[in-house]
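Student: One structure, pasted below without further comment.
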Amino acid sequence: NTEATFFAVYTEYSTGQYTIVAIVPSSWSNYFLIQSAGTYHITNIPSTGNFSGKHHQCADPDSGNYIAFCSRWGTTPSDIDTYMNNNKSTASMYTVGTPLNNTTANRKVHLGYRQDYSAWLQGNIAEVIGYNIKLSDSAIAEVNNYLINKYNIKQGGLLSVTDSIIDVTCNGGSDGSI
């Protein structure tokens with residue numbers, strides 16, 4: 001699909017830019033990336049290095065806390081949104097090179113690492129929910145509120161994690177494709 005919305009609840013043990021979810025086809029081109037600092041759409045890596053992204057102004061929160069993160073991609077490189085603990089990013093869009101529009105691809109979901117096994121998340125993933133459509137702001141708020149209540153995450157504040165939970169939901173199919 002050319003659009004997607006993904007939610008992840010995770011915790012980091014150290015701050016930095018780590019991969020939470022990578023949604024990738026069989027090549028480096030045309031994949032979606034959720035990292036602790038923001039949301040990205042990457043095209044033509046590594047040959048030309050074209051990508052677009054949006055950071056979140058609350059990126060790199062204190063380590064050891066649950067974080068509810070949402071990334072939403074539309075069909076164009078500038079159609080990206082990032083939410084942290086139900087707060088939509090107000091950061092400016094940025095691009096490197098000339099990113100291409102999203103195209104349909106059979107993508108696989110990688111949790112906690114990029115396709116090349118780099119940028120491993122140093123923490124735990126509690127839950128991932130994926131949709132192969134671009135959800136509205138109100139639908140995103142509903143899912144974010146569900147996750148924030150389920151994991152007792154304070155909006156505007158973060159709660160320390162005392163246990164590890166792995167509960168992955170992929171609404172695009174059991175094989176990880178979306």
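Student: Out of all the residues in region 52-97, which are surrounded by 15 or more Cβ atoms within 10 Å (Cβ to Cβ), modelled with pLDDT under 80 and assigned to a strand (DSSP E or B)?
Tutor: Scanning region 52-97 gives Ser52, Gly53, Lys54, His55, Asn65.
Student: Whether any residue in region 159-176 is at pLDDT 75 or above and out of contact with any helix residue (DSSP H, G or I) (no Cβ under 6 Å at 6 or more places or on another chain) is what I want to check.
Tutor: No, region 159-176 contains no residue that is at pLDDT 75 or above and out of contact with any helix residue (DSSP H, G or I) (no Cβ under 6 Å at 6 or more places or on another chain).
Student: Determine which single condition Asp137 fails, assuming it passes every other condition in (1) at pLDDT 80 or above; (2) open to solvent by less than 20 Å² (accessible area, probe 1.4 Å).
Tutor: Here Asp137 meets the rest and fails (2).
Student: Here's another thing I want to ask about it. Name every residue in region 98-123 that is of a type in the set (Phe, Trp, Tyr), loosely packed, with under 14 Cβ neighbours inside 10 Å and in contact (Cβ under 8 Å) with a residue 12 or more places away in the chain, in order of residue number.
Tutor: If the condition is that a residue be of a type in the set (Phe, Trp, Tyr), loosely packed, with under 14 Cβ neighbours inside 10 Å and in contact (Cβ under 8 Å) with a residue 12 or more places away in the chain, then Trp120 is the only one that fits.
Student: Then there's this: When you go through (1) modelled with pLDDT under 80; (2) buried (at least 18 other Cβ atoms within 10 Å of the Cβ); (3) more than 11 Å from the chain's Cα centre (by Cα) one by one for His41, which number turns out not to apply?
Tutor: (3)
Student: Oh, and also: Scan region 98-116 for residues that are hydrophobic (A, V, I, L, M, F, W, C) and at pLDDT 85 or above and jot them down.
Tutor: Correct list: Leu111 only.
Student: Has region 104-123 got at least one residue that is under 13 Å from Ile140 (Cα atoms) and among the hydrophobic types (A, V, I, L, M, F, W, C)?
Tutor: Among the residues of region 104-123, not one is under 13 Å from Ile140 (Cα atoms) and among the hydrophobic types (A, V, I, L, M, F, W, C), which makes the answer no.
Student: Filter region 1-24 down to residues that are in a loop (DSSP other than H, G, I, E, B) and either at pLDDT below 75 or open to solvent by less than 10 Å² (accessible area, probe 1.4 Å) (or both), then give me how many there are.
Tutor: Total meeting the criteria: 6.
The values are calculated or read from the model by the stated rules, or taken from the named source; none is laboratory data. Remember, predicted model here, so these are calculated numbers, not experimental data. Heads up, the Cβs are rebuilt from the backbone with ideal geometry, glycines too, and the neighbour counts pull from every protein chain shown. Please note that ligands, DNA and RNA were not included when accessible areas were found on the heavy atoms of the full protein model with its side chains. Shrake-Rupley method; radii C 1.70, N 1.55, O 1.52, S 1.80 Å.
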